[in-house]
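Step one of this worksheet: look at the structure below.
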Amino acid sequence: MSGTHTTTAYVPDLALRAATFLDKGGAGKPTATAHLGVALDRYGYDVLLLDLAGK
């Protein structure tokens, strides 16, 4: 099968922690973070999003 390339995005035993931070207001942080969570979910990751903003 020359030329065939297979990749697997799902890594079941890997814990990934990511944070988004930007002081500027109105920059779309919650939207960007939610989209990142959806993308990771589509790759098979279990996703937990927390909003720690003190509003």
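The values are calculated or read from the model by the stated rules, or taken from the named source; none is laboratory data. Worth saying up front: this structure is predicted, and the values here are computed from it rather than measured. Note that each Cβ is placed from the backbone with ideal geometry, even for glycine, and that neighbours are counted across all protein chains shown. Side chains included, ligands, DNA and RNA excluded: accessible areas come from the protein's heavy atoms. Shrake-Rupley method; radii C 1.70, N 1.55, O 1.52, S 1.80 Å.
Remarks
- Exactly one residue out of 36, 50 is at pLDDT 75 or above, open to solvent by 70 Å² or more (accessible area, probe 1.4 Å) and not in a loop (DSSP other than H, G, I, E, B): that is 36.
- Inter-residue pairs, beta-carbon under 6 Å, first more than 16 Å from residue 19 (Cα to Cα) and in the range 35-55, second open to solvent by 90 Å² or more (accessible area, probe 1.4 Å), 6+ apart: 44/10
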